[in-house]
Amino acid sequence: MAFASTANAAAPKAQEVVKNVVLVHGGFVDGSGWQQVYNILKKDGYNVTIVQNPTASLADDVAITKRAIAKQDGPVVLVGHSYGGVVISEAGTDPKVQRLVYIAAFAPDQGESVQSLIANPPPGASQPPILPPQDGFLFLDRAKFAAAFAGDVPADEASFMADSQVPWGVQALGGQVTVPAWKSKPSWYLVTTEDHMIPPPAQEMMAKRAGSTVVETRGSHAIYVSKPEVVAKIIEQAALGKK
């Protein structure tokens, strides 16, 4: 499935293959979840960098992501999962970034944040089991983590993800995007139809607004763990500039 409108996105350079891929994780997790996607991309000849953001504040995460971009030897495909979509929307204006890929991710407009985007969920949407802040950081209820975040991940792996959560800063939740990269860069968006963290209708709205090339797949919010081949495929589609 693809939305036809890409009027607000800059056209990629014709037939240019981008070989540098930078992967940005979301909240509650770290970059290790990208391992299987990394393995596929590396096997296919891509230079892959995984950003380890502390997810304490958007400003810090953007700075760390830009450092990773700066180390690349040429054009970059910048990929974000979940909150990582906010990070790439802000960091993706970097001149080296040529294409953006959103994996079940937030794609905020100017002045938007995760906090503002989740304030009014679609009717009937699942509510993420986010616990009250502790010292300025957020966690998901461990008992509800698997069902909400990783419903199609093997039970032992989902349990590990729940027990190894990375604290997500309230400042990161409220971090606002200034100039959304998707307004000037072409983007691709993987919508996960069984997502209980970011409702699929919200994903579809953000993808359409960004003029993204859209792929839909049945899967949980942790699609990059459960179906790495699907995630790698859309990243390679972006790397090849295929709409």
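Just a few scattered comments:
- Residues in segment 130-150 include none that are buried (at least 17 other Cβ atoms within 10 Å of the Cβ), assigned to a loop (DSSP other than H, G, I, E, B), among the charged types (D, E, K, R) and in contact with a helix residue (DSSP H, G or I) (Cβ under 9 Å, 6 or more places away or on another chain).
This table checks each residue for (1) open to solvent by 10 Å² or more (accessible area, probe 1.4 Å); (2) over 20 Å from residue 24 (Cβ atoms); (3) in a helix (DSSP H, G or I).
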| position | (1), (2), (3) |
| --- | --- |
| 201 | yes, yes, yes |
| 204 | yes, yes, yes |
| 220 | no, no, no |
| 234 | no, no, yes |
| 238 | no, no, yes |
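- Within segment 32-62, if we keep just the residues that are among the polar types (S, T, N, Q) and part of a strand (DSSP E or B), the residue that is nearest to the chain's Cα centre (by Cα) turns out to be 49.
- Output for segment 100-129, where each listed residue is more than 21 Å from residue 190 (Cβ to Cβ) and either buried (at least 17 other Cβ atoms within 10 Å of the Cβ) or of a type in the set (D, E, K, R) (or both): 113, 129
- Of all residues making up segment 31-50, the number that are of a type outside the set (Ser, Thr, Tyr) and open to solvent by 60 Å² or more (accessible area, probe 1.4 Å): 7
- Count - residues of segment 181-199 that are open to solvent by 30 Å² or more (accessible area, probe 1.4 Å) and either free of Cβ contacts under 8 Å to residues at least 60 places away in the same chain or among the small types (Gly, Ala, Ser) (or both): 3
The values are calculated or read from the model by the stated rules, or taken from the named source; none is laboratory data. On a predicted model such as this, the values are computed, not experimentally measured, just so you know. In this analysis, Cβ positions are derived from the backbone assuming ideal geometry, glycine residues included, and neighbour counts consider all displayed protein chains. When the accessible area is computed, the model is the full protein with side chains, heavy atoms only, and any ligands, DNA or RNA have been set aside. Shrake-Rupley method; radii C 1.70, N 1.55, O 1.52, S 1.80 Å.
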